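All remarks here apply to the structure that follows.
The values are calculated or read from the model by the stated rules, or taken from the named source; none is laboratory data. Since the structure is predicted, the reported quantities are computational estimates derived from the model, not experimental observations. With ideal geometry, Cβ positions are generated from the backbone for all residues, glycine too; neighbour counts draw on all protein chains shown. Heavy atoms of the whole protein, side chains included, go into the accessibility calculation; ligands, DNA and RNA do not. Shrake-Rupley method; radii C 1.70, N 1.55, O 1.52, S 1.80 Å.
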Amino acid sequence: KVYIGGELSAYGVDKYSFKGEEIELDYRLWAHNHYHVTGWEQPEDRSPEGYKKHMIATITNLIKADKADCIAHPFHDSYLTNSSRGLVEFSKGSVPNCFTENEIGDLLTLAKQHETAFELNLNVVPAFPDIYRKMYNIGKEIGAQFNIGTDAHKLENIDTKKFLDEAKKVLVG
């Protein structure tokens, strides 16, 4: 069976690229942190803590709206810190480092209740080992669902096997 899916944008709190009914997709992967995209909502507080709170609100409302099958590359801040537009003054990893275990646990619990997975993006996991190890361990404990992805923008990156060993080292040691 072939499933048709796509990565959609939750470009702010309760702001979605599609309501969900306009296109027929079997699988909806939602990005919440493409802050480098023009028109993407930015929090009033542009500190790491402000972005964290914005991510939590966006993810929470997205899950509660039952729009998502999976949350794409959660928590990371590469799109803020690696942007040529100079969006922020803080360094890579500042936003994920703000997340507490309770905040991650609350999001994963809510996701489990709504049958929403969190993506373990094999390109992102090694770049942010602390947050993804924490997310994975909390998720295992509560029975959260994780889906593996590579965010492949090239055919050569579709095969997850070449990324798996490095990701396993991060997640399980």
**Request:** Please tell me if Asp106 is under 21 Å from Asp69 (Cα atoms) and touching a residue at least 60 places away in the same chain (Cβ under 8 Å).
**Result:** no
**Complete:** Residue set Ala152, Ala127; condition of a type in the set (A, V, I, L, M, F, W, C), open to solvent by 20 Å² or more (accessible area, probe 1.4 Å) and free of Cβ contacts under 8 Å to residues at least 12 places away in the same chain; output residue Ala152
**Message:** On the basis of being open to solvent by 50 Å² or more (accessible area, probe 1.4 Å), farther than 23 Å from Trp40 by Cα and touching a helix residue (DSSP H, G or I) at 6+ places or on another chain (Cβ under 8 Å), does Glu115 make the cut?
**Reply:** no
**Complete:** Checking Ile56, Ile23 in turn, the sole residue that is of a type in the set (A, V, I, L, M) and either surrounded by 18 or more Cβ atoms within 10 Å (Cβ to Cβ) or within 19 Å of Gly139 (Cβ to Cβ) (or both) turns out to be Ile56
**Message:** Give me the residue from segment 134-149 that is modelled with pLDDT under 95 and of a type outside the set (S, T, N, Q) and, out of that set, least open to solvent (accessible area, probe 1.4 Å).
**Reply:** Gly149
**Item:** Condition check for Tyr35: surrounded by 14 or more Cβ atoms within 10 Å (Cβ to Cβ), part of a loop (DSSP other than H, G, I, E, B), out of contact with any Gly (no Cβ under 9 Å at 6 or more places or on another chain) and among the hydroxyl-bearing types (Ser, Thr, Tyr)
**Value:** yes
**Fill in**
If we keep only residues of segment 1-20 that are out of contact with any Ser or Thr (no Cβ under 9 Å at 6 or more places or on another chain) and open to solvent by 50 Å² or more (accessible area, probe 1.4 Å), then the residue nearest to Leu62 (Cα to Cα) is Lys19
